[in-house]
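All remarks here apply to the structure that follows.
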Amino acid sequence: MRALRLGSSTREALTPYAFLLPSFIALAIVFFYPMLRAVLLSFYGNTVGAGLGKFVGLEQYATVISSAYFPRVLWTSVLWTAGNVVFVLGIGLATALLLDRRFPGRAGVRALFILPWAIPYVAAALIWGWIFDYEYGVLNYLLRTTGAVDHKINFLLGCPTALASLTGVSVWKLFPLGTVMFLAGLQTIPAEYYEAAKVDGANPLQSFRYITLPGLRNVTIMLTLLITIWTFGRAFTIIFLLTEGGPAGCTETIVIRSYLEAFKFFHIGTASALGTIVLAISLAFSLAYLAFMHRSRLVYG
Amino acid sequence: MSRSLMRILSATALTLLSANAVAADVLWPSFMWGEPNNEPVMTLLKQKFEAENPGNTVKSVTVPIAAFWDKQFADIASGNAADVATMYDPDVRAYVEADLLESLDSYLAAAGIPMDKLVPTEKLAQKGGKTYAIPFQINARALFYNDKLFREADVQPPKNVDEMMAAIRKLRKPEAQQFGYATISKPGAANLLYIEIMPIVVGFGGGFFKDGKPSANSAQTVAALKFLKTLYDEQLIPRGMDTPTYRQLFVQGKVGMYATGGFFASVVANGNKETYADLRSEPLPLPSGQTMSITVFLGVPKAAKNKDLAAKLLMRMLKDDMQGAIVTMGKTHPGRIGMIPASFLQENPWFKAFEQATLTARSYAPDGAEQYGNEIVKIVAEHVEAMLFTGVSAENTGEDLQKALSAFIATKTKQ
């Protein structure tokens, strides 16, 4: 059999795809197929079994959107996402500004700030579960012994304290990402800008307002989109481990509801419809992110 | 040379094929393989079955309970079912309604086991005159109490609800982190919350469903909700604690009373000999005199690979010797009634309360709406959480629940 001969330019053009092929196959099996299958299942009834069951068109979506729980879980998902974005950006920027300054032991402090990011989600959730514990938790103990509060706080046993506490854990896990990205962004702002501002008599606040913030614009937009996509679509692990959507459903996000529909109520079609809604919303943010990256490349090369 | 090699290979392949045709592994994944009260019983069954069916084995796989229900459902839903499925009351009904289980009637008939010899909750596993699962064990709820703590506080075992509340208050010692009673007060775990509150609700004569109709605002149900709210509001129970943790508190002698199944005696015996020595039980001293039960059912999924062998394994469990072993080794009531050895009752007097409770106990699955059990559990748990954690009154909780359950069941009857 004669070997297939390709021209050098064709070979060169195909080489990257050959390298990408194994990853693509792996992604197709563990990511694209399950995703497409879930979308497909959302058009079928809640039949349990290997087959697809009865085709119901958009009925599952109509059921979900008209349900009593949907506005609540959507609102909780939005609050969760917004809380994460705002605080990860705020704390990330504050710590980046702090760590951008020169001081003894800076490398060690930077490593310490990254630590929460390196802790697995499950471990972080379990640790925080004990910290928040009403009877034996260290946080209530510290707050009471220091006199900060005179009665125990229901960190995970009340609404909206539970959602705030969970958001706090998620922010604690994610803010190092903001720190790292803002630190990288700060280092791209030329020092001459600050020197020129100083010569012109600008105070530190004015330098921050007119140099630092505009200089971090791209990082901020990119980070906002990334955190939105991640937290909206993955609003699960911490919530599931600490409250499973309670108390009284006030920390139940769309993703948690989707899990409950599939694995507790055996409603595969409804769960797939909810998953597809999460996918569509995340996809909208992903497209915005891609458009932004494309525009950035055009503008800044 | 090549011809003889081919002959050897063919002979080897044939040997392997014939061996495969005879021998089989009955795959039985379960969280119970990791439980101190169930593991010895299940291992004994495995040994007996393997000895009586040479060449066949029971493959035990321990799956943590936290992951078990999701895994089992995912396996069955995807057509990769194990040979034995484990289910509680609402699950068995949902599985039967979804036509996921194999009928066991021919095996039960061959084994000579009449249906009236099984515990009353067996009806949950029946549909259209056919039986789809067998009861492995039934855990009716009664009240365990720590006699040492009662003696120290100079309290007598309660005989009615007022005495029970008074005892709970007297046993509470915040400085020693001691509680009079323990039940779940942690958000999120809907199923556990439901299981833990149902003995109280049934004990007051209430329930969230009766004959398929919501009954959450009945006077009895509201009285039970008030009782639970008082326990939480007065901080008489550990707050925000999950079931394994407050069970551990009981084992360590920090809880006076706990309403649960007989299996818990094994947990105490394995965890703390001192507490076990002081372990006593009484029927729940609540107005109705009735309690609730959880039955562990075993069935064979339609998609199982070794259905015949798996069904034979389940029938083996129903034989006299294994039923006795469930009592003596597992310290629980087995699936067949009248199988408690008198010697066991003499050695374990605490078991009497559980034996009495078993025959009259109500399943914790919603009466007449068992197949929607998990959805109803979620709705009830959300409202009870709102009562405990957000200050809604017991009366309003009853009314809100009644509306929510009525709306829910209306959607189901429309379908």
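Any read-out appearing in this document is the output of simple, stated calculations on the displayed coordinates, not a laboratory observation. Quick caveat: nothing in here was measured; it's all calculated off a predicted structure. Heads up, the Cβs are rebuilt from the backbone with ideal geometry, glycines too, and the neighbour counts pull from every protein chain shown.
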Open item on the list: Please report the net charge: other residues with Cβ closer than 11 Å to the Cβ of B:Val92, K and R +1, D and E -1.
Closed with: -2
- [ ] Determine the percent antiparallel among the DSSP beta bridges restricted to chain B, to the nearest 5.
- [x] 75
TODO: Select from chain A the helices, each a whole stretch of DSSP H, whose alpha-carbon atoms run 15 Å or more along the helix axis and whose Kyte-Doolittle mean is at least 1.0; answer none if there are none.
DONE: A:69-100, A:121-132, A:161-186, A:217-233, A:268-300
Open item on the list: Once each part is reduced to its C-alpha centroid, what is the distance from region B:335-351 to region A:133-190 in angstrom?
Closed with: 53
TODO: Once you have a ≥ b ≥ c as the square roots of the Cα gyration tensor eigenvalues for the protein assembly as shown, tell me rounded if a/c is under 1.5, and otherwise prolate or oblate according to whether a/b is larger than b/c.
DONE: oblate
TODO: Rounded to the nearest 10 degrees, what's the angle between the helix B:190-203 long axis and the longest principal axis of chain B, both from Cα atoms, 0 to 90?
DONE: 60
Open item on the list: Set the bar at 31 Å for Cα to Cα. Now go through B:Lys59/B:Lys123; A:Lys264/B:Lys302; B:Lys48/B:Lys148; B:Lys123/B:Lys302 and name every pair that lies beyond it.
Closed with: B:Lys48/B:Lys148
TODO: Any chance you could check the Cα centroid distance between region B:78-124 and region A:270-301 for me, in angstrom?
DONE: 47
Task: In degrees, nearest ten, helix B:394-414 long axis to first principal axis of chain B (Cα) - done: 30
Task: region A:8-79: relative contact order in percent, alpha carbon pairs under 8 Å with at least 6 residues between - done: 16
Open item on the list: Let's test the formula: R0 of 56 Å, r as the Cβ-Cβ distance of B:Asn80 and A:Ala291. What FRET efficiency results, to the nearest 0.05?
Closed with: 0.85
TODO: Working from Cα positions, state the angle (0 to 90°, nearest 10) between the long axis of helix B:39-52 and the longest principal axis of chain B.
DONE: 20
TODO: Mind listing the long-range amide H neighbours of B:Phe179? Cut-off is under 5 Å, sequence gap 5 or more, other chains count too, H placed in the peptide plane at 1.01 Å from N.
DONE: B:Lys173, B:Val255, B:Gly256
Open item on the list: Please give me the summed charge of the neighbours of B:Pro54: other residues whose Cβ is under 15 Å from its Cβ, Lys and Arg +1, Asp and Glu -1.
Closed with: +1
Task: Cβ-based net charge around B:Ser266, under 11 Å, with every Lys or Arg adding one and every Asp or Glu removing one - done: -1
